[in-house]
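The values are calculated or read from the model by the stated rules, or taken from the named source; none is laboratory data. All values derive from a computational prediction rather than experimental measurement. Virtual Cβ from ideal backbone geometry, glycine too; neighbours counted across all protein chains shown.
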């Protein structure tokens, strides 16, 4: 019953937003198309500004994976997550998600391809993709694009949120699909 509700909501969420947000803007007198074009123009100039930060982050991520540090980190986390009844296959995704959205999406696709979308691992991977964020990407790209060089507590809070998101994903997937 609850799974059917979630499936229905997920099927209609994007079409609902794509229809009603412009409609509400139009009804409020916002020039929707002009606002969209203006935002796209600003987005392009921001994209050009963040290229050096993005290249630096991608190089660091490549070194992290190629050096074997990600595998070592996964090996350290494995005993703790095994106690929490979390499959070890999900550890690389949990590590990669704060670092790179594209890398995490690749790992999630591999997990879903290997275990199926309706498996516990597939559902956990999908939930993690939608519920956690790319903390290092956000700090590097967004803060870099506006010139913030002192992150203060943003990294700590971002990583704590990632851990909280991981725990919430495990709990919710066990509750709904377990």
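Scanning segment 110-134 for residues that are over 23 Å from residue 63 (Cβ atoms) and out of contact with any helix residue (DSSP H, G or I) (no Cβ under 6 Å at 6 or more places or on another chain) returns 113, 114, 117, 118, 119, 120, 126, 130. For segment 21-32, what are the residues that are surrounded by fewer than 11 Cβ atoms within 10 Å (Cβ to Cβ) and in a helix (DSSP H, G or I)? The answer is 27, and nothing else.
Per-residue answers, yes or no, for (1) closer than 23 Å to residue 169 by Cβ; (2) surrounded by 11 or more Cβ atoms within 10 Å (Cβ to Cβ); (3) modelled with pLDDT of 85 or more:
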residue	(1), (2), (3)
9	yes, no, yes
44	no, no, yes
53	no, yes, no
104	yes, yes, yes
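Consider residue 97 carefully, then state whether it is surrounded by 17 or more Cβ atoms within 10 Å (Cβ to Cβ), closer than 23 Å to residue 157 by Cα, within 18 Å of the chain's Cα centre (by Cα) and in contact (Cβ under 8 Å) with a residue 12 or more places away in the chain. Yes, satisfied.
Among the residues here, residue 60 does not qualify as loosely packed, with under 10 Cβ neighbours inside 10 Å, under 30 Å from residue 92 (Cα atoms) and within 24 Å of the chain's Cα centre (by Cα). Being surrounded by 13 or more Cβ atoms within 10 Å (Cβ to Cβ) and either over 20 Å from residue 175 (Cβ atoms) or out of contact with any helix residue (DSSP H, G or I) (no Cβ under 7 Å at 6 or more places or on another chain) (or both) is the filter here, so list the residues in segment 79-88 that pass it. Correct list: 88 only. For segment 149-169, a residue qualifies if it is exposed (fewer than 12 other Cβ atoms within 10 Å of the Cβ) and part of a helix (DSSP H, G or I), and exactly one does: 156.
The numbered conditions (1) modelled with pLDDT of 85 or more; (2) assigned to a loop (DSSP other than H, G, I, E, B) are all true for residue 94 except (2). Residues in segment 129-148: is at least one at pLDDT 90 or above, closer than 25 Å to residue 6 by Cα and buried (at least 20 other Cβ atoms within 10 Å of the Cβ)? So far as segment 129-148 goes, no, none of its residues is at pLDDT 90 or above, closer than 25 Å to residue 6 by Cα and buried (at least 20 other Cβ atoms within 10 Å of the Cβ).
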